[in-house]
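Since the structure comes first, as structure tokens, the remarks are kept for the end.
The values are calculated or read from the model by the stated rules, or taken from the named source; none is laboratory data. No experiment lies behind these values; they were computed from the predicted model shown. Heads up, the Cβs are rebuilt from the backbone with ideal geometry, glycines too, and the neighbour counts pull from every protein chain shown. We work out accessible area using only protein heavy atoms, side chains counted, and drop any ligands, DNA or RNA first. Shrake-Rupley method; radii C 1.70, N 1.55, O 1.52, S 1.80 Å.
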Amino acid sequence: MEDNITYLLPNVLDLLSEKPDLSASMDELCEHLKDVVDEDMVSAFGSLERAVEFSVELGINLGILAMTEQSFLSLFRRRPDATPEQRSPANINQN
């Protein structure tokens, strides 16, 4: 199961990094990941939604994700093409 955990979280972070506001709903995360994740990765959790929820909770516990009212927020931009201004915590918190 450890491989499943380490496989999903980077995909969640990649998706959030592609969003201008660095956030996405659980439905958006599941929709994006259903094409990326194979059935073996999901089987340990029972469903894709539970696997994504687990990955998001792990990210929150690690301090790299935060939860807003209806979405999940990456606390940093993962993509190297982000400018230093875009990576600034002050700019992230303005949304």
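Below are the figures for this structure:
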quantity	calculated
Test for Glu2: is it open to solvent by 40 Å² or more (accessible area, probe 1.4 Å) and either modelled with pLDDT under 85 or on the phi > 0 side of the Ramachandran plot (or both)	yes
Filter result (closer than 22 Å to Met67 by Cβ, open to solvent by 20 Å² or more (accessible area, probe 1.4 Å) and out of contact with any helix residue (DSSP H, G or I) (no Cβ under 7 Å at 6 or more places or on another chain)) within the range 17-44	Glu18, Lys19, Pro20, Asp21, Ser25, Asp27, Glu28, Glu31
In the range 10-39, the residues that are in a loop (DSSP other than H, G, I, E, B) and under 16 Å from Gly59 (Cα atoms)	Leu22, Ser25
Restricting the range 54-79 to residues that are open to solvent by 70 Å² or more (accessible area, probe 1.4 Å) and of a type in the set (D, E, K, R), the residue that is modelled with the lowest pLDDT	Arg79
Any chance Leu48 is crowded, with 16+ Cβ neighbours inside 10 Å, under 10 Å from the mean Cα position of the chain (by Cα) and modelled with pLDDT of 60 or more	no
